[in-house]
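Novice: One structure is given below, represented as C-alpha cells, and several questions about it will come after.
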Amino acid sequence: MLTTKARVTKGADHSALVTTEGSARQHGRGIGQAIAASELGTAPPREEEEHIPGEPKTTFLPGLRSPVAADAQGNYADPTSKDHGMYDPNHPSGMAKRRWAMTIDLARCTGCSACVTACYAENNLPTVGAPWQGRALAPGAWDTRPGANIIKGREMTWIRLERYYEGAWGDLESRFDPDFDTRFVPMLCQHCGNAPCEPVCPVYATYHSPDGLNVQVYNRCVGTRYCSNNCPYKVRYFNWFGYGEPERRQYAWPDPMHWQLNPDVTVRGKGVMEKCTFCVQRIREAENRAKLENRALAADEFTTACAQACPSRAINFGDAADPQWTVAKLANDRRAYHVFEELNTYTAVVYLKKVTHPAPGAPATA
C-alpha cells in the first residue's frame with residue numbers, strides 16, 4: 001500500500017461558488033418524504049380514491065401506465081380507431097408492452113453526485129459556467145465571473161441533487177434539535193405518462209413513445225421553451241449557446257476533452273431543449289442485441305448510466321410492466337411514492353421514502 005503526505009495551504013486567489021439551490025425547505029410540497037423505522041411494520045393507512053362520476057379512473061394502470069394519456073393507451077384515446085400503430089399492444093415491435101421506469105431509494109442516497117457525473121459523461125452534457133464562457137457585455141469585454149451563465153439561470157444538467165432540511169437548528173455553536181434531518185433527492189425527467197410538456201409543444205418535438213418514454217426530438221425543436229414552462233419538475237434545459245461548436249467561445253469540450261464524447265449520443269445545438277432520456281441509447285442497444293441473438297430481453301440485463309454509477313445502489317431502472325424486473329418489485333414497495341402525485345402526471349420515477357430513526361420524544365416528519 002502506497003501513501004503520500006500532502007499539505008493544504010490557503011492561496012492568495014479566490015473564486016466565488018455558484019449555487020442553483022433555491023429554498024432548502026420543502027414548504028409542505030412532499031418532495032423528499034420519509035417514514036419512521038417504527039412505522040414500517042404497520043399496515044399503511046387506506047386512502048379513499050376520489051372519483052368524479054363520468055370521468056375515467058385516476059389510478060395507475062398495471063405496469064405504471066397512465067390511465068388518461070391520449071397516446072392510444074389511455075382512456076382518452078379514440079376507442080373507435082383501428083390504427084394505433086406501435087401503440088397497439090399486439091404490434092410486432094412489442095414496444096407498447098413495456099413501461100421503462102426508475103426507482104430511487106432515498107434511504108440509500110448519500111448525495112455524492114456520482115449519478116450526476118455519470119450522466120454528464122454518458123450523454124455529452126456541456127459544462128456551463130467556466131469564466132471563458134461568459135457573454136460579451138461590450139466590444140472586447142466579457143463577463144468573466146466564475147459561473148456567470150449559472151447566475152443567469154443557464155445551468156445544464158439532466159439530473160440534479162436537491163437537498164432539503166427538516167427540523168430546526170440553531171447557530172453554529174448550538175446543537176441540532178432531535179428531529180433535524182437532511183434529505184437528498186435526485187431530480188430528473190419523470191417521464192410522465194400524462195406529461196404536461198407534451199401538449200404545449202407547437203412542433204411536436206416532445207411526445208410519448210409506446211414504451212413509456214417522454215421523447216425529445218432535437219431536429220424538430222425550435223426553442224419556444226413552452227415545455228420548460230409547463231414542466232412542474234423543472235427538469236428541461238435550454239441550450240443558450242452552441243456548446244458543441246469548437247469555433248465558439250462557449251465550446252464545452254476543448255482538447256483533449258472532446259475525446260471522451262459518447263458517439264452514441266448526439267451533441268445538441270444552440271436553441272434546442274434537452275433533458276433526461278432514460279439513456280435511450282442503452283435501451284435501444286440492448287433491444288437490438290437481444291433481437292439479433294433471437295432471444296427476449298432479460299430482466300435487469302442493462303441499466304442507465306446514473307444507476308450503474310451509484311455506489312449505494314439507490315437507483316434501479318427497468319421495465320415496470322414486467323414483474324421479473326427489480327424495478328417492478330420496488331415500485332410496489334411500502335415506501336413508494338410519486339413526487340407531485342396530485343398533479344396526475346403519472347410519473348415513471350418512483351421514490352422510496354427515507355427511513356428515519358427519530359430520537360425518543362421527537363416528532364416524526366413526513
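The values are calculated or read from the model by the stated rules, or taken from the named source; none is laboratory data. Small disclaimer: the values here were computed from a predicted structure and weren't measured. So basically every Cβ, Gly included, is an ideal-geometry build from the backbone, and we count neighbours across all protein chains shown. Side chains included, ligands, DNA and RNA excluded: accessible areas come from the protein's heavy atoms. Shrake-Rupley method; radii C 1.70, N 1.55, O 1.52, S 1.80 Å.
Novice: Taking residue 290, is it among the aliphatic types (A, V, I, L, M) and in contact (Cβ under 8 Å) with a residue 12 or more places away in the chain? First the steps, then the outcome.
Specialist: Numbers: among the aliphatic types (A, V, I, L, M): yes; in contact (Cβ under 8 Å) with a residue 12 or more places away in the chain: no.
For residue 290, the condition - among the aliphatic types (A, V, I, L, M) and in contact (Cβ under 8 Å) with a residue 12 or more places away in the chain - is not met.
Novice: Tell me which of these residue 10 doesn't satisfy, since it passes every other one: (1) exposed (fewer than 10 other Cβ atoms within 10 Å of the Cβ); (2) modelled with pLDDT under 75.
Specialist: (2)
Novice: Quickly run through region 291-342 and pick out the residues that are of a type in the set (A, V, I, L, M), surrounded by fewer than 15 Cβ atoms within 10 Å (Cβ to Cβ) and either outside any loop (DSSP other than H, G, I, E, B) or in contact with an Asp or Glu (Cβ under 7 Å, 6 or more places away or on another chain) (or both).
Specialist: Quick first cut of region 291-342, residues of a type in the set (A, V, I, L, M) only: 292, 296-299, 305, 307, 309, 314-315, 320-321, 327-328, 330-331, 336, 339.
Still in the list and also surrounded by fewer than 15 Cβ atoms within 10 Å (Cβ to Cβ): 292, 296, 298-299, 336.
Passing the criteria: 292, 299, 336.
Novice: Another one. In region 84-124, what residues are on the phi > 0 side of the Ramachandran plot and not in a helix (DSSP H, G or I)? Steps first, please.
Specialist: So in region 84-124, the residues on the phi > 0 side of the Ramachandran plot come out as 85, 94, 111, 113, 124.
Scanning region 84-124 gives 94, 111, 113, 124.
Novice: Got a number for residues in region 105-134 being surrounded by fewer than 16 Cβ atoms within 10 Å (Cβ to Cβ) and of a type in the set (Val, Ile, Thr)?
Specialist: So the count comes out to 3.
Novice: Could we say that residue 347 is part of a loop (DSSP other than H, G, I, E, B), surrounded by 17 or more Cβ atoms within 10 Å (Cβ to Cβ), in contact (Cβ under 8 Å) with a residue 40 or more places away in the chain and not small (Gly, Ala, Ser) here? Show your work before the answer.
Specialist: On the way: part of a loop (DSSP other than H, G, I, E, B): yes; surrounded by 17 or more Cβ atoms within 10 Å (Cβ to Cβ): yes; in contact (Cβ under 8 Å) with a residue 40 or more places away in the chain: yes; not small (Gly, Ala, Ser): yes.
Considered against the rule, which asks whether it is part of a loop (DSSP other than H, G, I, E, B), surrounded by 17 or more Cβ atoms within 10 Å (Cβ to Cβ), in contact (Cβ under 8 Å) with a residue 40 or more places away in the chain and not small (Gly, Ala, Ser), residue 347 comes out as yes.
Novice: So, one more: So residue 137 passes all but one of these: (1) modelled with pLDDT of 80 or more; (2) outside any loop (DSSP other than H, G, I, E, B); (3) surrounded by fewer than 20 Cβ atoms within 10 Å (Cβ to Cβ); (4) among the aliphatic types (A, V, I, L, M). Which condition number does it fail?
Specialist: Against the list (1) modelled with pLDDT of 80 or more; (2) outside any loop (DSSP other than H, G, I, E, B); (3) surrounded by fewer than 20 Cβ atoms within 10 Å (Cβ to Cβ); (4) among the aliphatic types (A, V, I, L, M), residue 137 comes up short only on (1).
Novice: If you don't mind, another one. Considering only residues of region 59-88 that are closer than 17 Å to residue 99 by Cα and among the aromatic types (Phe, Trp, Tyr), which is modelled with the highest pLDDT?
Specialist: Per the criteria, the residue is 60.
Novice: Here is a follow-up. Specify the residue that is nearest to residue 127 (Cα to Cα); the eligible residues are those in region 201-246 that are among the aliphatic types (A, V, I, L, M) and open to solvent by 50 Å² or more (accessible area, probe 1.4 Å). Give the steps one after another, and end with the answer.
Specialist: So in region 201-246, the residues among the aliphatic types (A, V, I, L, M) come out as 203, 205, 213, 215, 217, 222, 235.
Of the ones still in play, those that are also open to solvent by 50 Å² or more (accessible area, probe 1.4 Å) are 203, 222.
Details: 203: 28, 222: 22 Å.
So the residue we want is 222.
Novice: Then there's this: Residues in region 174-231 that are part of a loop (DSSP other than H, G, I, E, B) and either without any contact (Cβ under 8 Å) to a residue 60 or more places away in the chain or under 21 Å from the mean Cα position of the chain (by Cα) (or both): how many? If you could, list the steps in order and put the result at the bottom.
Specialist: Applying the first criterion (part of a loop (DSSP other than H, G, I, E, B)) to region 174-231 yields 174-180, 189-205, 209-213, 217-225, 231.
After this cut, where a residue has to be either without any contact (Cβ under 8 Å) to a residue 60 or more places away in the chain or under 21 Å from the mean Cα position of the chain (by Cα) (or both) as well, the list is 174-176, 180, 189-205, 209-213, 217-225, 231.
The number of residues fulfilling the criteria is 36.
Novice: Any idea how many residues of region 188-232 are within 20 Å of residue 66 (Cα to Cα) and of a type in the set (S, T, N, Q)?
Specialist: Adding up the residues that qualify gives 7.
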